[in-house]
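Visitor: Below are the structure tokens for one structure; questions will follow.
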Amino acid sequence: MHGTGWPGCRIARGAAVHGAFPPLQHAQIVALACTPPAEVGRAWVRWTVRALHDEIERRQIATLHPSTVHHILADADLHPHQVRSWRPALAEDFESKAASVLWDDERAGALADHGALVVCLDEKPNIQALGRPIPDLPPAPGYALRRDWEDVRHGTANLLVIYNLLTGRLWGRVLARTDAAHFLPALEAYLAELPWEIRCVHCILDNGASHIAKVTRAWIAAQEGLVRFHFTPTHASWLNQAELALGAFSRRYLRDRVSESRQALITTSLPLATRVQSVARTIHFSGHSQGTPCTNGTLAELGPRCTRLSRPVPWPGRSGRRVPSWPPA
């Protein structure tokens, strides 16, 4: 009888090893982890290992250590503490709007040969001018740059950029507000700087409030085809290359920047947006778009996108062409 023990006190060695937890209790724990806490009467927003362990013991599902709960979740590839955003479906007009934007992207060079310019517009609102009460301590061997954890807020600024797909250069303008009353004069200022041989401008932009405002639509109608807007699909502003250029500008020139005042941000930092062309690259498409092979852009193909005029027409803001007054009377 030595080494055998009483039959009622025996513990199978296999039950204590990893992966041999009773199947029923294992399934109950996984099901509980997949159930929102609110549905079981708990006030937590999401499960943690400790919260799940407490609920398992409260329900008397099993008596186990929190580390065992962690192993069970890992075996099931469950992460109840994480949240990921997603879109269940695309907008109904996604394909048509995306095709229009990508068509202009793909044929920007061919359109330019026929006097049509393709640009992308985007705003970066509420750029904070953050100062520090104590100057930074510069890095030294063994030490990173040290910065006071407090900041001093000096206000915000809004930046509008226009990205030329043909040259990869940015044009920027600081806006007092991101509404149509400030967006349209800035756009007119850009158009006034265009060469005379440009006869039509295609603008790729998102569905921002200033872009779809009633006064903006009236302004577009008054341009008689000289300026045309192509909106990116809803939740697909990443098709706008100006947004990508603004991201490059933010990472290089705005991240961790210290500004002593809002005016210092405007005069020293935001003008650096025009330097992004050193890191921006024009995109050359070589694939197919909606079954249409990529071509150099014949006049018959590009005709609907080009305004064929007998002579150049001055742009808004230039003398020689009547421009609707702004704001409208």
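Visitor: Can you work out which of the residues in the stretch 220-272 that are within 16 Å of ILE162 (Cβ to Cβ) and of a type in the set (D, E, K, R) is surrounded by the most Cβ atoms within 10 Å (Cβ to Cβ)?
Guide: Among those that are within 16 Å of ILE162 (Cβ to Cβ) and of a type in the set (D, E, K, R), it is GLU243.
Visitor: Within the group ARG228, ARG217, which residue is in a strand (DSSP E or B) and either within 23 Å of ALA116 (Cβ to Cβ) or aromatic (Phe, Trp, Tyr) (or both)?
Guide: ARG228
Visitor: Report whether or not ALA180 is among the aliphatic types (A, V, I, L, M) and either at pLDDT 90 or above or over 16 Å from SER100 (Cβ atoms) (or both).
Guide: yes
Visitor: Also, I was wondering about something else. Might you check whether a residue that is in a loop (DSSP other than H, G, I, E, B), small (Gly, Ala, Ser) and surrounded by 17 or more Cβ atoms within 10 Å (Cβ to Cβ) occurs anywhere in the stretch 154-176? I'd like the intermediate steps shown before the answer.
Guide: Kept after step one, since they are in a loop (DSSP other than H, G, I, E, B), are these residues of the stretch 154-176: 165-169, 176.
From what is left, the residues that are small (Gly, Ala, Ser) are 168, 176.
Narrowing the set further to residues that are surrounded by 17 or more Cβ atoms within 10 Å (Cβ to Cβ) leaves 168.
Yes, because at least one residue in the stretch 154-176 is in a loop (DSSP other than H, G, I, E, B), small (Gly, Ala, Ser) and surrounded by 17 or more Cβ atoms within 10 Å (Cβ to Cβ).
Visitor: What is the number of the single condition among (1) more than 20 Å from HIS79 (Cα to Cα); (2) β-branched (Val, Ile, Thr); (3) at pLDDT 90 or above that THR48 does not meet?
Guide: So THR48 meets the others, but not (1).
Visitor: Return the residues of the stretch 182-199 that are surrounded by fewer than 16 Cβ atoms within 10 Å (Cβ to Cβ) and among the small types (Gly, Ala, Ser); say none if nothing qualifies.
Guide: Across the stretch 182-199, the qualifying residues are ALA189, ALA192.
Visitor: If you check ALA186, ALA209, which single one turns out to be in a helix (DSSP H, G or I) and of a type in the set (A, V, I, L, M)?
Guide: On inspection, the qualifying residue turns out to be ALA186.
Visitor: Oh, and also: Name, by its number, the condition in (1) in contact with a Leu (Cβ under 8 Å, 6 or more places away or on another chain); (2) assigned to a helix (DSSP H, G or I) that does not hold for LEU121.
Guide: Of everything listed in (1) in contact with a Leu (Cβ under 8 Å, 6 or more places away or on another chain); (2) assigned to a helix (DSSP H, G or I), LEU121 misses just condition (2).
Visitor: Looking at the stretch 137-146, can you tell me whether even one residue there is in contact (Cβ under 8 Å) with a residue 40 or more places away in the chain and touching a strand residue (DSSP E or B) at 6+ places or on another chain (Cβ under 9 Å)?
Guide: No, that holds for no residue.
Visitor: What do you reckon, is THR167 of a type in the set (Ser, Thr, Tyr), within 27 Å of the chain's Cα centre (by Cα), more than 20 Å from ARG217 (Cα to Cα) and modelled with pLDDT of 90 or more?
Guide: So THR167 does not fit the description; no.
Visitor: I'd like the full set of residues that are among the hydrophobic types (A, V, I, L, M, F, W, C), surrounded by fewer than 18 Cβ atoms within 10 Å (Cβ to Cβ) and over 30 Å from ARG257 (Cα atoms), limited to the stretch 77-135.
Guide: LEU78, VAL83, TRP86, ALA89, LEU90, ALA91, PHE94, ALA99, LEU102
Visitor: What is the number of the single condition among (1) acidic (Asp, Glu); (2) surrounded by fewer than 12 Cβ atoms within 10 Å (Cβ to Cβ); (3) at pLDDT 90 or above that GLU55 does not meet?
Guide: In the conditions (1) acidic (Asp, Glu); (2) surrounded by fewer than 12 Cβ atoms within 10 Å (Cβ to Cβ); (3) at pLDDT 90 or above, GLU55 misses (2) alone.
Visitor: So which residues in the stretch 191-209 are touching a residue at least 60 places away in the same chain (Cβ under 8 Å) and of a type outside the set (D, E, K, R)? Write out each step before concluding.
Guide: As a first pass, look at the stretch 191-209 and keep what is touching a residue at least 60 places away in the same chain (Cβ under 8 Å): 191-192, 194, 196-206, 208.
Residues satisfying the conditions are LEU191, ALA192, LEU194, TRP196, ILE198, CYS200, VAL201, HIS202, CYS203, ILE204, LEU205, GLY208.
Visitor: Could you check the stretch 189-206 and list, in sequence order, the residues that are closer than 14 Å to ASN164 by Cα, more than 22 Å from the chain's Cα centre (by Cα) and not in a loop (DSSP other than H, G, I, E, B)?
Guide: TYR190, LEU191, CYS200, VAL201
Visitor: For the stretch 187-213, name all the residues that are of a type in the set (Val, Ile, Thr) and either touching a Lys or Arg at 6+ places or on another chain (Cβ under 8 Å) or more than 20 Å from PHE231 (Cα to Cα) (or both).
Guide: Answer for the stretch 187-213, where residues must be of a type in the set (Val, Ile, Thr) and either touching a Lys or Arg at 6+ places or on another chain (Cβ under 8 Å) or more than 20 Å from PHE231 (Cα to Cα) (or both): ILE198, VAL201.
Visitor: Taking ALA236, is it more than 26 Å from ALA157 (Cβ to Cβ) and either touching a residue at least 24 places away in the same chain (Cβ under 8 Å) or of a type in the set (Gly, Ala, Ser) (or both)?
Guide: Yes.
The values are calculated or read from the model by the stated rules, or taken from the named source; none is laboratory data. Being a predicted model, the structure only gives us computed values, none of them experimental. Quick reminder, even Gly has a Cβ in these numbers, built from the backbone with ideal geometry, and neighbours come from all protein chains shown.
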